[in-house]
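**Student:** Below you'll find the structure I mean.
The values are calculated or read from the model by the stated rules, or taken from the named source; none is laboratory data. Just so it is clear, the model here is predicted, and its values are computed rather than measured. With ideal geometry, Cβ positions are generated from the backbone for all residues, glycine too; neighbour counts draw on all protein chains shown. Only protein heavy atoms, including side chains, enter the accessible area calculation; ligands, DNA and RNA are left aside. Shrake-Rupley method; radii C 1.70, N 1.55, O 1.52, S 1.80 Å.
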Amino acid sequence: MLRFMRKNYIKALSAMFAGALISAPVNSADRAIKCGLGSEHNQFLRAEQAVRPVRQFSYDSPSGYFRIHYDTGGENAVLNSGVDTLGSRGAPGADGVPDHINAVAEIFDSVRAVILGDPTDGGLGYPTPPPDTVFAFVADSNGLYDVYLRNLGGIYFGTTLSETQVPDYFLPGNSVSSFTSYIVIDNDYREPSYSNQFNDFITRPLDAVRVTAAHEYFHAVQFGIDLFEFEDSVSEARFYWYEISAVAMEELLYDGIDDYYSYLYSFF
């Protein structure tokens, strides 16, 4: 794993450059925006005001770290909602959960294992995002990190929403830095705007989930460390830094997908 990380370091730097473009206000009209962080949501107004989505069902990932919320009917129905041939970790046999949700949960488990994992064992050693149970405003008291599937209409791949301030969680004496969060990703990645000349995510939707999970979960880590990543004043949050590093995380974890190529193309 460490050799894998070193091998992809230069490509990750290229991905960081692409991340700067992704965070820019210009986007191709026929290409979904990778992340809704800077363009759709004012993160600094969401603290203790967030209303979470409501879904029909939920499924806990095999690791026990994530709870995946989903619908099997309506506009937010997950991809192939009636297909249930596999169980947890690919075990044969139906388990009452759509196979797509099993796969989404296992992808998030894999992403977390690398981002938070022990560096001596190939992980990156980032700190765990604050769990829901650390604050008095209890939107969800089980402590699992929540991921919601929603029809994002081909506009965004996903987004991470800050939720509640957790004083002193990582930095003693810092009363404003750490925030809990939750993630929203698209329900099926079937819209044409999710595919391009580099990746056909309509036929490979789990690859879209992979790069989105890597990107958005790293935002959750960032929010836990310091949501207020200000530059010169409180009005200048460094959204570009959030995006640069989150796109680099896509490349480090999923080198073969190279989704950031499509954003480079639109600018050059």
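**Student:** Quick one: count up the residues across the stretch 226-246 that are at pLDDT below 90, assigned to a helix (DSSP H, G or I) and either charged (D, E, K, R) or in contact with a Cys (Cβ under 9 Å, 6 or more places away or on another chain) (or both).
**Tutor:** Residues meeting the conditions: 3.
**Student:** Would a scan of the stretch 14-25 turn up a residue that is over 29 Å from Gln197 (Cα atoms), assigned to a loop (DSSP other than H, G, I, E, B) and either open to solvent by 80 Å² or more (accessible area, probe 1.4 Å) or at pLDDT below 55 (or both)?
**Tutor:** Scanning the stretch 14-25, I find no residue that is over 29 Å from Gln197 (Cα atoms), assigned to a loop (DSSP other than H, G, I, E, B) and either open to solvent by 80 Å² or more (accessible area, probe 1.4 Å) or at pLDDT below 55 (or both), so the answer is no.
**Student:** Output the residues belonging to the stretch 56-72 that are under 19 Å from Ala94 (Cβ atoms), open to solvent by 30 Å² or more (accessible area, probe 1.4 Å) and in a loop (DSSP other than H, G, I, E, B).
**Tutor:** Gln56, Pro62, Thr72
**Student:** Out of (1) under 30 Å from Tyr169 (Cβ atoms); (2) part of a loop (DSSP other than H, G, I, E, B), what's the single condition that is false for Ile107?
**Tutor:** It fails just one condition, (2).
**Student:** Let me ask another. Which residue pairs have Cβ atoms closer than 7 Å, lie 6 or more positions apart in sequence or on different chains, and pair a first residue in the stretch 86-100 that is free of Cβ contacts under 8 Å to residues at least 24 places away in the same chain with a second residue that is in a loop (DSSP other than H, G, I, E, B) and open to solvent by less than 30 Å² (accessible area, probe 1.4 Å)?
**Tutor:** Hits for this filter: Gly93/Gly87; Asp95/Gly87.
**Student:** While we're on this one: Could you tell me whether the stretch 172-186 includes any residue that is open to solvent by 50 Å² or more (accessible area, probe 1.4 Å), touching a strand residue (DSSP E or B) at 6+ places or on another chain (Cβ under 9 Å) and not β-branched (Val, Ile, Thr)?
**Tutor:** So far as the stretch 172-186 goes, yes, one or more of its residues are open to solvent by 50 Å² or more (accessible area, probe 1.4 Å), touching a strand residue (DSSP E or B) at 6+ places or on another chain (Cβ under 9 Å) and not β-branched (Val, Ile, Thr).
**Student:** Next question, about the same structure. Considering only residues of the stretch 86-99 that are of a type outside the set (Gly, Ala, Ser), out of contact with any helix residue (DSSP H, G or I) (no Cβ under 6 Å at 6 or more places or on another chain) and open to solvent by 20 Å² or more (accessible area, probe 1.4 Å), which is farthest from Ser61 (Cα to Cα)?
**Tutor:** The qualifying residue farthest from Ser61 (Cα to Cα) is Pro92.
**Student:** Tally the residues that are under 18 Å from the mean Cα position of the chain (by Cα) and either at pLDDT 95 or above or open to solvent by 20 Å² or more (accessible area, probe 1.4 Å) (or both), restricting the search to the stretch 191-204.
**Tutor:** Summing the residues that are under 18 Å from the mean Cα position of the chain (by Cα) and either at pLDDT 95 or above or open to solvent by 20 Å² or more (accessible area, probe 1.4 Å) (or both) in the stretch 191-204 gives 1.
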